[in-house]
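The values are calculated or read from the model by the stated rules, or taken from the named source; none is laboratory data. Here the structure is a predicted model, which means the values were calculated and not measured. Cβ atoms come from the backbone with ideal geometry, glycine included; neighbour counts cover every protein chain shown. Heavy atoms of the whole protein, side chains included, go into the accessibility calculation; ligands, DNA and RNA do not. Shrake-Rupley method; radii C 1.70, N 1.55, O 1.52, S 1.80 Å.
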Amino acid sequence: MSTLMQFKDVDVYYGPIQALKKVSLDVNTGEIVTLIGSNGAGKSTLLMSIFGQPRVSSGEIIYRGEDISKKSAHYVASNGLAQSPEGRRVFPGMSVEENLLMGTIPIGMKHAEEDMQKMFEIFPRLKERRNQRASTMSGGEQQMLAIARALMSRPKLLLLDEPSLGLAPIVVKQIFEVLKEVAASGMTIFLVEQNANHALKLADRGYVMVNGEIRMTGTGDELLVNPDVRDAYLGGH
Ligand code: ATP
């Protein structure tokens, strides 16, 4: 298995506050890797640092053999990294189709029609609503749109920031079922989640972050049954 992305001893500061402390982790091609941790642990900071905001103060982020920690967000996005950001940020005034087309910006429109049809197969709900304004869709539908938009750039690595945030349990279940399908198609996924239960069930491997540090790592199954993980993130035994 080849390493697609690797964090090597990454430190990030917000002014005097250290948000990431010597973080090392890796994602191999074809894997689903999750990063779990509670509020404020540093999960979003880690994802955002991939796009250079915030900048890492020391350490490296190696992606396809190259240190991207000092590159621009544009450079990173045009090299096959796509993010579905926290808070399902879609373009509210645009239709579903228009939002999906925005996703093609890093690669151009060449495959747009074909890829949009693919998205409609994975997310039938989006097909029904292709002409609807994103702002009028439910939270779950907007989350699906945010993921589909990220996929429209044909990423090599799909980054997801808390896709379950603020959604009802039944909708969370649907989102994770779709992610399973996306993963089965061969997509490499790095998933940041507070919903440890769903995330660890989906993931091949996981990392646990506490106060900006990686405290534990293992397969999804190992972490699911780990007593410390269960106590802290899965509501006890
Ligand atoms: P959540 O799940 O609540 O989003 P998180 O694990 O993603 O949490 P981060 O948002 O990465 O955590 O925050 C990590 C730490 O960095 C927190 O203590 C937070 O207050 C701090 N932080 C985040 N963004 C900034 C910022 N722009 N300026 C200063 N401190 C920040």
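Ser164 falls short of the stated requirement of being open to solvent by 30 Å² or more (accessible area, probe 1.4 Å) and either away from the ligand (no atom under 16 Å from the Cβ) or under 23 Å from Leu25 (Cβ atoms) (or both).
Conditions tested, residue by residue: (1) on the phi > 0 side of the Ramachandran plot; (2) open to solvent by 30 Å² or more (accessible area, probe 1.4 Å).
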position	(1), (2)
Ile170	no, yes
Lys180	no, yes
Gly186	yes, yes
Leu202	no, no
Val210	no, yes
Gly220	no, no
Asp228	no, yes
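Residues satisfying the criterion are present in region 5-14 (criterion: open to solvent by less than 10 Å² (accessible area, probe 1.4 Å) and under 20 Å from Gly220 (Cβ atoms)). Residues that are farther than 26 Å from Val182 by Cα and within 16 Å of the ligand (Cβ to nearest atom) within region 1-10 comprise just one, Val10.
As a summary of the residue check, Ser2 satisfies the conditions (1) surrounded by fewer than 22 Cβ atoms within 10 Å (Cβ to Cβ); (2) modelled with pLDDT of 95 or more except for the one numbered (2). Which residues, counting only those in region 11-40, are more than 14 Å from the ligand (Cβ to nearest atom) and more than 18 Å from Glu66 (Cα to Cα)? Within region 11-40, Lys22, Gly30, Glu31, Ile32, Val33 meet the criteria.
Number of residues in region 170-204 that are charged (D, E, K, R) and under 14 Å from the mean Cα position of the chain (by Cα) equals 2.
The set of residues in region 41-67 being free of Cβ contacts under 8 Å to residues at least 12 places away in the same chain and within 16 Å of the ligand (Cβ to nearest atom) consists of Met48 alone.
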